[in-house]
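Have a look at the structure below before the remarks.
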Ligand code: ATP
Ligand code: MG
């Protein structure tokens, strides 16, 4: 065990977990990889020249004068003076290059209806939508809110905005009136694009009523464009127009205008895992450069042969960067799925992979742990041999879940790329490269070429291998956020005030003896037990490594003796029964795996954990429960009844 004898509180994060497994890249993949180890050398020699070379992946209408303008840090400008159209880069140029017949989207509705959309068809629809938005009065720089199910029109709406220079703000189509109206008002959106509803869990899930209630609270909204998806009855106001009327009747001719490289592309609010969501602003040239390059590098995409599938919702940054802008700028063929993984049965994901011969899958640890809980026999019924690369994003992936993903889904042959990034970073920052990196379960490993990530102590000094601390980014990167919408001060305070000249990500991390980076959860969640800083992630991973635990969330609660004590909430696997005996076994298991310092004071067996809509555990709410406080902001919570169940259980166990 590597706990220091007398660490200064807050200075280091104890390094409790050891992991020695390694998996070399498959030889065949390495031999034909899009990106080799040379990229690290090139970027190290001249970072800006490296990014300038990656920007050549795109078509620019006018060249840039400077790669990076960092004259007024931390307000970055990339590729200044350059002009481009983001939608042109995602669509027109592929069609002009003769790839118009390539499938852009294999879409599968939850009830099983399907659509196949080629690049040429997608381009036509986006041109029509661009004309329709212009006819409705939307101009470059205006904000458009998009509140949609996972249907192709969601991507079309985003690309149509990009095409005319309108800034979109996509709001996840499961958010409440509070969350939607708050986001519309914050961005002062002029138009809302929505649908009557979508299909989820076997039923039509209406969206329009939430939009109607929200728009009544949002004076900036002039028009609402409604896609017909479920055909259920909807109330109609004088602001509403049907997508099939306004887009259906629009001209197919539309010339894309080039915009400045720093033209605002979108605003997207963070998940709200730790606090009130922040409206993160992304711009055009640098953003598209990095998402295009990272999608090419991390997923090794071969546009002629791969079928790529990112299971995220378009309402999250993963959907923006790795369903729309990254893959489409690279001319990828992808699967888009409307529904949930358990409808109509728990094998739905694997059935879709078999049906479309998906080669690259990108999903989240929360989904992987759910699949583990459901049992290995489900994926075993499907042919998953088309898969060649597996990606993970959203939370730290426990080594146990990583191994399950690699073995059970990837048949032991597919590299797992654990990608660390944030809404704020716009694109992937830390990840293995599938043809280069020898992977290690649970670690995101290295900063990508051109990215300078570091782990530092309280004073901002790099920690040596074996040490832990704060994750920071030392140099600006092309797809970095430009500010928090309408709130430069919050941008400065949140990200740039903790360490001088460095971006503070808010996540704890450690560097192992080989220099691999491990993400250890949010700094706000780090526990201070008897003078030792302990990460929630490591204790959770230890719990999940016990055969009866499917998921775990750990928090530090005030304790008179130890300062903070570890309180764990666990969901058991399959049919396992809880009880005092199991709880004591689990406490001992953690102590044995990580050391006695990490032994939880209390373990609660719960039916569910509080999660954001994007599936991330909201530890701050569990901390509120563990410390008997009233709950903080719950607007981004997936299921509000969960907290009641947990509080009741907590009260009983006292
Ligand atoms: P908020 O900032 O409002 O609290 P959020 O941080 O959950 O919400 P996102 O931008 O969606 O919003 O998530 C980024 C965060 O997700 C990262 O800061 C990190 O904590 C976590 N994360 C994402 N990918 C990984 C990963 N591969 N490993 C570990 N953590 C990850
Ligand atoms: Mg965050």
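Rule-based calculations on the coordinates, nothing more; no lab input. Bear in mind that the values here come from a model prediction, so they are computed numbers and not experimental data. Methodologically, a virtual Cβ is constructed for each residue, glycine included, from the backbone with ideal geometry; neighbour enumeration extends over all protein chains shown.
Brief remarks follow.
- Among 429, 502, sorting on how many other beta-carbon atoms sit within 10 Å of each Cβ, with the fewest leading, yields 502, 429.
- Helix 641-653 and the longest principal axis of the C-alpha atoms of the chain enclose an angle of approximately 10°.
- Relative contact order of the chain, defined on C-alpha pairs under 8 angstrom at six or more residues apart (%): 15 percent
- Each peptide in 126-138, 21-33, 387-399 gets a packing score, the mean of other Cβ atoms within 10 Å over its residues, and the list from highest to lowest is 387-399, 126-138, 21-33.
- Packing rank of 479-487, 115-123, 260-268, where each peptide gets the mean count of other beta carbons within 10 Å, highest leading: 260-268, 479-487, 115-123
- Gyration tensor verdict on the range 505-654 (Cα atoms; rounded if a/c is under 1.5, prolate if a/b is larger than b/c, oblate otherwise): rounded
- Antiparallel bridge percentage (DSSP; both residues within the range 200-297; nearest 5): 65 percent
- The long axis of helix 152-164 is offset from the longest Cα principal axis of the chain by roughly 70 degrees.
- Using the Stokes-Einstein relation with a Kirkwood hydrodynamic radius computed over Cα pairs, the translational diffusion coefficient of the range 151-226 at 10 °C and a viscosity of 1.306 mPa s comes to 124 µm²/s.
- Between the range 116-154 and the range 202-250, the Cα center-to-center distance that results, in Å: 15 Å
- When the convex hull of its Cα atoms is projected in every direction, mean area for the range 22-143 (nm²): 13.7 nm²
- C-alpha center-to-center spacing [the range 16-85, the range 309-369] in angstrom: 25 Å
- Within the chain, antiparallel bridges make up roughly 60 percent of the DSSP beta bridges whose residues both belong there.
- Shown for 283, 635, 237: other C-beta atoms within 10 Å of each C-beta, ranked fewest to most, produce the order 237, 635, 283.
- Based on the Stokes-Einstein relation at 4 °C and a viscosity of 1.567 mPa s, and on the Kirkwood radius from alpha carbon pairs, the range 403-464 is assigned a translational diffusion coefficient of 98 µm²/s.
- Going from the residue with the fewest nearby Cβ atoms within 10 Å to the one with the most, 168, 446 rank 446, 168.
- Structure-based [θ]222 nm, the chain - -39500 (n - 2.57) summed over DSSP H runs of at least 4, per residue, nearest 500: -7500 deg cm²/dmol
- Hydrodynamic radius by Kirkwood, which averages 1/r over all alpha carbon pairs of the chain, in angstrom: 25.2 Å
- Relative contact order of the range 572-654, taken over Cα pairs closer than 8 Å and 6 or more residues apart, is 23 percent.
- Rg over Rh [alpha-carbon atoms, Kirkwood Rh] for the range 102-252: 0.94
- Whole-number percent relative contact order across the range 523-585, with pairs defined as alpha carbons under 8 Å at least 6 apart: 30 percent
- When both the range 476-548 and the range 451-473 are represented by their alpha-carbon centers, they are found 10 Å apart.
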